[in-house]
Amino acid sequence: MYLPLNALRAFEVSARHLSFTRAAEELSVTQTAVSMQVKNLEQRLGVALFRRLPRGLALTDEGLALLPVVAQSFGRIAEVLAQFEDGRRREVLTVGVVGTFAVGWLMPRLRQFQQQHPFVDLRLLTNNNRVDLAGEGLDYAIRFGDGAWHGTQAERLFEAPLAPMCAPAIAARLRSPADLGAETLLRSYRSDEWGRWFAAAGAACPPLRGFVFDSSLALAEAAAQEAGVALLPVLMFERELQQGRLVCPFGQRIVLGAYWLTSLKSRPQTAAMAAFRQWLQSHAGAM
């Protein structure tokens, strides 16, 4: 059965307002035109969709059954048409990002990406470096490590050297790495980091005890609140350094991994994926 689109639209708007007059205002036509469109639809269907009341309308059982289907259909049409607002079909790109990278590096640059690639509808999901590309439906994941993740293609972005960072009040009493033995050393779930830093600094690593965090963002905030000294990727906390909330008391840094752009080997590359990858690599190359 062929049903005129204008008649279905007139029905949907009238049902939403329960008024031909208000429907006419929304559609920028006359009340008579709306009433006629609905009447024609009722005649084609062979059922009454509304009960005409002294003040307004009421949906019949048939109208109640038809409304959600018509409303959902128009909603879906609107969603698809919205993808062509810029003269090009918009594409959704879903990226999982380790929280430290998202806040410390990506977010300050997102506006530029949006301006250069308005057709990409970017969805960001933050994590603590544990991610399931297939299970979470991700196009890409940006994560920290050695680049060896089973079943994934990994492209190196840049290294993220770690260094001790703390609040200025704590830094004021630190003269050498050995002085860290008197401080609380905040730890991540990677238990070997402090030991490797002390080895690089030529000092003995003191016994490690106390707080353990699964996020560098939480580590950094604890350090800024004077809870102790944290070993952090300095590049991700440049704003905190500029603001004076955190300082690096020692110049010694260690490299334990890099940030990588990863995707499933079986994932076909879309235009949105290609745009994001090229943009990310061009900015990462300047680091």
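The values are calculated or read from the model by the stated rules, or taken from the named source; none is laboratory data. Everything numeric here is computed off the predicted structure, so don't read it as measured data. Here Cβ is always computed from backbone atoms with ideal geometry, including for glycine, and neighbour counts include all displayed protein chains. Please note that ligands, DNA and RNA were not included when accessible areas were found on the heavy atoms of the full protein model with its side chains. Shrake-Rupley method; radii C 1.70, N 1.55, O 1.52, S 1.80 Å.
Below is a table of values for the structure above.
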| read-out | value |
| --- | --- |
| Per residue solvent-accessible surface (Å²) - the range 4-126, probe of 1.4 Å | 59 |
| CD proxy at 222 nm, helix term only [per DSSP H run n ≥ 4: -39500 (n - 2.57); per residue of the chain; nearest 500] | -11000 deg cm²/dmol |
| Unit charges at the beta carbon, dipole of the range 150-287: most positive-side option, 154, 172, 257 | 154 |
| For residue 121, distant residues with modelled amide H under 5 Å away | 91, 92, 93 |
| Beta bridges by DSSP in the chain, antiparallel share as percent, to the nearest 5 | 60 |
| GNM flexibility winner over the chain from 253, 175, 143 (Cα, springs under 10 Å) | 175 |
| Separation between Cα centres of the range 44-63 and the range 117-135, rounded to whole Å | 46 |
| Packing-based ranking, highest mean first, of 159-170, 109-120 given that Cβ atoms within 10 Å are counted | 159-170, 109-120 |
| Volume per residue of the C-alpha convex hull in the chain, rounded to whole Å³ | 210 |
| For the chain, size of Cβ-based charge dipole, Lys and Arg +1, Asp and Glu -1, in debye | 380 |
| With every protein chain in place, the range 97-168: carbon and sulfur % of accessible area (1.4 Å) | 46 |
| Within a Gaussian network of the chain (alpha carbon springs, distance under 10 Å), most fluctuating of 124, 261, 49 | 49 |
| Low-density loop cleavage sites - chymotrypsin sites (Phe, Trp or Tyr not before Pro) in the range 188-251, where at most 13 other Cβ are within 10 Å (DSSP) | 189 |
